[in-house]
Amino acid sequence: MQTRSLVLIALFTAIIVVLGLIPPIMLGFFPVPIHAQSLGALLAGVVLGARGGTLSVLLLLVLVAIGLPVLAGGRGGLAVFVGPTAGYLFGHLPAAFIAGWVADQVSKRQLNGWKIFGGFFLGAVLGVVVQHVFGVLWLILYVGLAPSDALIGDLVFVPGDLVKAAIAAYAGQFIAQNFGARTRVA
């Protein structure tokens, strides 16, 4: 892997960490807070592609596992992987991959303008859907929430996550139109 690719992966991991500095919003009725870090996973996927986005999120998970407080609210360590937010955290990986894979396909078609935004937005929305599936399944299977409670509680995140998908798509469009495919990780 080229040095440039490693730098881009580390940069987007750092972006995800910085987004974790924004204080999470705790909800009294649901065990998962609203936070900005899922935007970073979508950005990594859309901008770096499937491989680079997934590696950025994987690096984040390694940093969490070794105990660095890089998640929203200053959390880190192995306990995070068995808490109520673990499903959403694990969902970052396939979300970045899917958003990146769709972005890669859009980039191959050399679209521009609203077409590239639409393709990137579709990829980011699919990533959000997969992340929500992971989160809801975790809440049902491991936390013990009733399926209806997990689904209804998860709906709180949908409007914000659609905004995050739009931001990721716009950033991806801007970078693709101004810098070309140079941001893809080889």
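When Gly87, Gly91, Gly49 are checked against the criterion of being closer than 23 Å to Val7 by Cα, of a type outside the set (A, V, I, L, M) and assigned to a helix (DSSP H, G or I), Gly49 stands alone in meeting it. Specify the residue that is surrounded by the most Cβ atoms within 10 Å (Cβ to Cβ); the eligible residues are those in region 21-49 that are free of Cβ contacts under 8 Å to residues at least 60 places away in the same chain and within 12 Å of the chain's Cα centre (by Cα). Looking at residues that are free of Cβ contacts under 8 Å to residues at least 60 places away in the same chain and within 12 Å of the chain's Cα centre (by Cα), I get Ala44.
I'd like the full set of residues that are surrounded by 14 or more Cβ atoms within 10 Å (Cβ to Cβ), of a type outside the set (A, V, I, L, M) and farther than 18 Å from Phe174 by Cβ, limited to region 107-145.
Within region 107-145, Gly127, Gln131, His132, Phe134, Gly135, Trp138 meet the criteria.
Scanning region 13-40 for residues that are touching a Gly at 6+ places or on another chain (Cβ under 7 Å) and part of a helix (DSSP H, G or I) gives Ile15, Ile16, Leu19, Gln37.
Take the residues in region 146-162 that are hydrophobic (A, V, I, L, M, F, W, C) and without any contact (Cβ under 8 Å) to a residue 60 or more places away in the chain, then tell me which one is nearest to Gly87 (Cα to Cα). Break it down into steps so the answer makes sense when it comes.
Narrowing region 146-162 to residues hydrophobic (A, V, I, L, M, F, W, C): 146, 150-152, 155-158, 162.
From what is left, the residues that are without any contact (Cβ under 8 Å) to a residue 60 or more places away in the chain are 146, 150-152, 155, 158, 162.
Values: Ala146: 15, Ala150: 12, Leu151: 13, Ile152: 16, Leu155: 15, Val158: 16, Leu162: 19 Å.
This residue is Ala150.
Of all the numbered requirements in (1) among the charged types (D, E, K, R); (2) in contact (Cβ under 8 Å) with a residue 12 or more places away in the chain; (3) surrounded by fewer than 18 Cβ atoms within 10 Å (Cβ to Cβ), Asp104 misses one, and that requirement is (3).
Conditions (1) out of contact with any His (no Cβ under 9 Å at 6 or more places or on another chain); (2) of a type in the set (A, V, I, L, M, F, W, C); (3) within 23 Å of Val163 (Cβ to Cβ), marked per residue:
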| position | (1), (2), (3) |
| --- | --- |
| His35 | yes, no, yes |
| Gly45 | yes, no, yes |
| Gly53 | yes, no, yes |
| Ser56 | yes, no, yes |
| Leu59 | yes, yes, no |
| Gly73 | no, no, yes |
| Gly77 | yes, no, no |
| Val80 | yes, yes, no |
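Checked against the criterion of being surrounded by 23 or more Cβ atoms within 10 Å (Cβ to Cβ) and polar (S, T, N, Q), region 54-75 has at least one qualifying residue.
Here, each number is a calculation from the coordinates, and none is a lab measurement. This structure is a prediction, so every number in the text was calculated from the model and none was measured. So basically every Cβ, Gly included, is an ideal-geometry build from the backbone, and we count neighbours across all protein chains shown.
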